[in-house]
Each structure stands twice: as C-alpha cells, then as structure tokens.
Amino acid sequence: MKGTEAFEEIIPLLTDEIAIHANGYICRESFNIKDRGENFYMIGSMGLASSIGLGVAVSRPDQKTIIIDGDGNVLMSMGTLAMIAAAAPKNLIHIVIDNETYESTGRQRSLSKLVSLEKVAQSAGYIHTKKVTNKSQIKGAFQELIGKDGPSFLLIKVEPSFDKSTGRVHHTPEEITFRFMKSIKKTKS
Ligand SMILES: Cc1ncc(C[n+]2csc(CCOP(=O)(O)OP(=O)(O)O)c2C)c(N)n1
C-alpha cells in the first residue's frame with residue numbers, strides 16, 4: 001500500500017479526535033485530505049509529535065488523542081515510547097506510518113526494516129499494539145483501538161511512495177497553535 005492510501009483510509013475516520021502530526025509528508029498528506037482545527041502540525045521539531053501528543057492526552061483525558069507519526073520520527077525519540085507507556089493515558093492512540101525510510105528528506109533508509117516498532121511499543125508497555133500491512137485492515141484496526149482503553153499503538157507498513165507535488169501546510173505556526181487551542185478548548189467544565 002502507498003502512504004497516501006493509508007491516509008485516505010484513516011483521515012475520514014476522524015471525528016472530534018485531537019490529532020498531532022509528525023513533520024514532513026505526514027502533515028502534508030493529512031492536511032491535503034482534510035484540514036481540521038483539531039489537527040496540530042509539526043513544522044519541524046522532528047521526533048516531538050509523540051511528546052506533544054502525550055502532553056495533550058494527559059491534560060485532556062476526556063478527549064481521544066491520536067499521534068500520527070513516522071518511523072524516522074519514532075526512532076529519533078524512542079524514549080517517548082517508554083514515557084507514554086509509563087504515563088499510560090487511556091485516551092491515546094499512536095499511529096505510525098512506517099515506510100522504512102526518511103522519505104521527506106530523500107528516502108534514506110531507516111532502521112524500522114530491522115527493528116519492529118510495534119514490538120518496541122509492546123515491550124515498553126503500550127496496552128494494545130497492532131501491525132497492518134494491507135489497506136483493507138486499517139479501518140477495522142482503527143475502530144478496534146479507538147473503542148478500547150490505551151495507550152494503543154498501530155503500525156501501518158507502507159511503501160515509500162509519497163508524491164512530491166503534495167502541497168505543504170500553508171498555515172503559519174502561530175495560526176496552527178491558536179486554531180488548535182480554540183478547537184480543543186473545553187466548552188463544559
Ligand atoms: C531535528 C531534525 N532533524 C532532521 C529533520 C529533517 N527531516 C524532516 S522530516 C524528516 C524525515 C522524517 O522521517 P519519517 O518520520 O520516517 O517520515 P517520512 O518522511 O518517511 O514520512 C527529516 C529527516 C528535522 N526536521 N528535524
């Protein structure tokens with residue numbers, strides 16, 4: 001499956017969930033399929049979508065929080081898997097689009113061909129971990145995990161295949177931040 005096909009499966013499943021996106025093509029693909037105020041896009045700061053996702057999940061336990069990450073990003077901040085498992089937010093789902101490359105910067109190989117990231121997450125202590133390799137499995141896996149208490153980890157294996165013509169996120173960092181804060185603001189106390 002192509003990376004874009006994975007996004008085309010996942011993004012329409014989002015309703016009011018908070019979604020923190022890793023930098024590079026991860027943001028760009030999601031942004032182009034459906035831009036939402038609940039989306040936080042990393043414009044740099046590789047590796048840190050998971051830390052921000054953890055912070056948001058802990059501070060908003062009433063809201064499902066999804067981290068949409070890349071294998072290179074996860075490998076860069078592997079310690080955050082342990083931190084997420086230790087903090088154990090029930091409302092957190094960590095999705096990794098694993099193309100076994102740093103595709104956004106030229107398809108350099110990553111170590112995820114040799115290191116199974118879902119096994120690392122499982123060993124760290126994520127409550128549920130799943131790996132899918134076919135796009136027909138994505139919807140079922142997502143719906144299963146969203147219905148359970150986490151933290152959960154969903155690894156989606158894809159080919160390195162993002163399209164270079166995919167547009168970039170055109171919001172400024174300030175716009176992303178303020179729009180996000182407004183969208184996830186509690187309306188009830
Ligand atoms: C600290 C830091 N190092 C390097 C980069 C450059 N960079 C941006 S995206 C990216 C690749 C991310 O790889 P991955 O998470 O696997 O996502 P993919 O690009 O494959 O979708 C790199 C190396 C950066 N933005 N920040």
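Before moving on, here are some points about what is shown:
- C-alpha center-to-center spacing [region 105-145, region 23-41] in angstrom: 20 Å
- Bridge type composition, the chain - antiparallel percent by DSSP, nearest 5: 5 percent
- Along the axis of the charge dipole computed for region 83-189 (Cβ charges of +1 for Lys and Arg, -1 for Asp and Glu, origin at the Cα centre), the listed residues 101, 124, 141 are led at the positive end by 141.
- Qualifying chymotrypsin sites (Phe, Trp or Tyr not before Pro) in region 4-92, where qualification requires a DSSP coil assignment and no more than 11 other C-beta atoms within 10 Å, are lacking entirely.
- Ignoring aspartates and glutamates fewer than eight residues from residue 139 along the same chain, the ones with Cα atoms less than 13 angstrom from its Cα are 5, 8, 9.
- Taking amide H as placed 1.01 Å from N in the peptide plane, the amide H of residue 153 sits under 5 Å from that of 94, 128, 129, 130, each at least 5 places away or on another chain.
- Each other residue within a Cβ distance under 15 Å of residue 140 adds +1 if Lys or Arg and -1 if Asp or Glu, for a net charge of +3.
- Pairwise centroid distance, computed over Cα atoms, of region 157-181 with region 50-104, Å: 17 Å
- Ellipsoid fit via the Cα gyration tensor, region 3-184: semi-axes of 21, 20, 16 Å, each the root of five times an eigenvalue, largest first.
- Region 1-130 - percent of accessible surface contributed by carbon and sulfur, probe 1.4 Å: 54 percent
- Based on protein heavy atoms only, region 38-189 ends up with 52 Å² per residue of surface accessible to a 1.4 Å probe.
- Mean ellipticity per residue at 222 nm, deg cm²/dmol - from DSSP H runs of n ≥ 4 across the chain, formula -39500 (n - 2.57): -11000 deg cm²/dmol
- Charged side chains reduced to their Cβ positions (Lys and Arg at +1, Asp and Glu at -1) give region 3-184 a dipole of some 200 debye around its Cα centre.
The values are calculated or read from the model by the stated rules, or taken from the named source; none is laboratory data. Given the structure is predicted, the values throughout are model-derived calculations rather than measurements. Virtual Cβ from ideal backbone geometry, glycine too; neighbours counted across all protein chains shown. Note: accessible area is taken over every heavy atom of the protein model, side chains too, but ligands, DNA and RNA are not part of it. Shrake-Rupley method; radii C 1.70, N 1.55, O 1.52, S 1.80 Å.
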